[in-house]
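Take a look at the structure below.
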Amino acid sequence: MIVLPPLQPETSSTEKTAIINELLEITQTENTVKLMAKAVVQNIYASLKQANPNIPYRALKIIEEVTIELVENDINGPSFRKNIQRIYSKHFRTDELREIVIFYKTPVGQKAISKIPLIIQESTENSQNKL
């Protein structure tokens, strides 16, 4: 028989939002989103090059610039953080968010954060090789 600790009553939404914001800072979420956008651009490049080997370099550059600009505008806009806060709030209780923050402050958590760019890069290269 598994005995679970009693659930803590939910704290104020202000406290929960503050914890989510701390989590977003610790995990460098905005940088990760930018890296993912660049990975998407690389996949678009590969697909376009495969479909049309003569596509001008300038066309690819414009796609990259526009995509990155759209992502950065979204990240810097007021709705980006609010949307992520809403999603985290929907899926995690405050006490769970605290535990996640604690984990990411550990050496293993810090290592996980530091490896995200490499994981994204290798995943992108892997998917490009399959195209």
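The values are calculated or read from the model by the stated rules, or taken from the named source; none is laboratory data. Keep in mind that what you see is a predicted model, and the values were worked out from it rather than measured. Cβ coordinates were reconstructed from backbone atoms using ideal geometry, including for glycine residues, and neighbour counts include every protein chain displayed. Remember, those area values only see protein heavy atoms, side chains included, never the ligands or the DNA or RNA. Shrake-Rupley method; radii C 1.70, N 1.55, O 1.52, S 1.80 Å.
So what is the calculated 222 nm ellipticity per residue for the chain, using -39500 (n - 2.57) for each DSSP H run with n of 4 or more, over all residues, to the nearest 500 deg cm²/dmol? Present the calculation step by step, with values, prior to reporting the outcome.
Working: 6 runs with 106 residues, N = 131.
Helices in the chain give a 222 nm mean residue ellipticity of -27500 deg cm²/dmol.
Could you provide, to the nearest whole Å², the per residue accessible area of the chain with probe 1.4 Å? Display every interim value, and only then the final one.
On the way: 9270 Å² over 131 residues.
Here the per-residue accessible area is 71 Å².
Quote the relative contact order of the chain in percent (integer), defining contacts as alpha-carbon pairs under 8 Å separated by 6+ residues.
Working: 68 pairs, mean separation 59.8, N = 131.
With pairs under 8 Å counted, the relative contact order is 46 percent.
Need one number: convex hull volume per residue for region 22-131, Cα atoms only, in Å³.
Details: hull volume 12.5 nm³, N = 110.
Cα-based convex hull of region 22-131, divided per residue, equals 113 Å³.
Please determine, in degrees from 0 to 90 and to the nearest 10, the orientation of helix 29-51 with respect to the longest principal axis defined by the Cα atoms of the chain, where the helix direction is its Cα long axis.
30
Kindly flag which residue pairs out of LYS16/LYS115; LYS16/LYS90; LYS82/LYS111 have an alpha-carbon separation exceeding 21 Å in this structure. Write down the numbers at each step before the final one.
Numbers: LYS16/LYS115 27 Å; LYS16/LYS90 11 Å; LYS82/LYS111 27 Å.
Correct reply: LYS16/LYS115; LYS82/LYS111.
Please sort by residue number the trypsin sites (Lys or Arg not before Pro) in region 57-131 whose DSSP state is loop and whose Cβ has at most 14 other Cβ atoms within 10 Å.
Values: sites: ARG58, LYS61, ARG81, LYS82, ARG86, LYS90, ARG93, ARG98, LYS105, LYS111, LYS115, LYS130; in loops: ARG93, LYS105.
Hits after loop and neighbour filter: LYS105.
Relative to the longest principal Cα axis of the chain, at what angle does helix 107-130 sit, 0 to 90 degrees, rounded to 10?
The angle comes out near 30 degrees.
How many angstrom separate the Cα center of region 44-70 from the Cα center of region 14-31?
With region 44-70 and region 14-31 each reduced to a Cα centre, they are spaced 33 Å.
Cα-based Rg (one decimal) and Dmax (whole number) for region 68-129, in Å?
According to the Cα coordinates of region 68-129, Rg and Dmax are 15.2, 42 Å.
Ignoring ligands, DNA and RNA, please state the percent of accessible area on region 11-87 from carbon and sulfur, probe 1.4 Å.
Here it works out to 58 percent.
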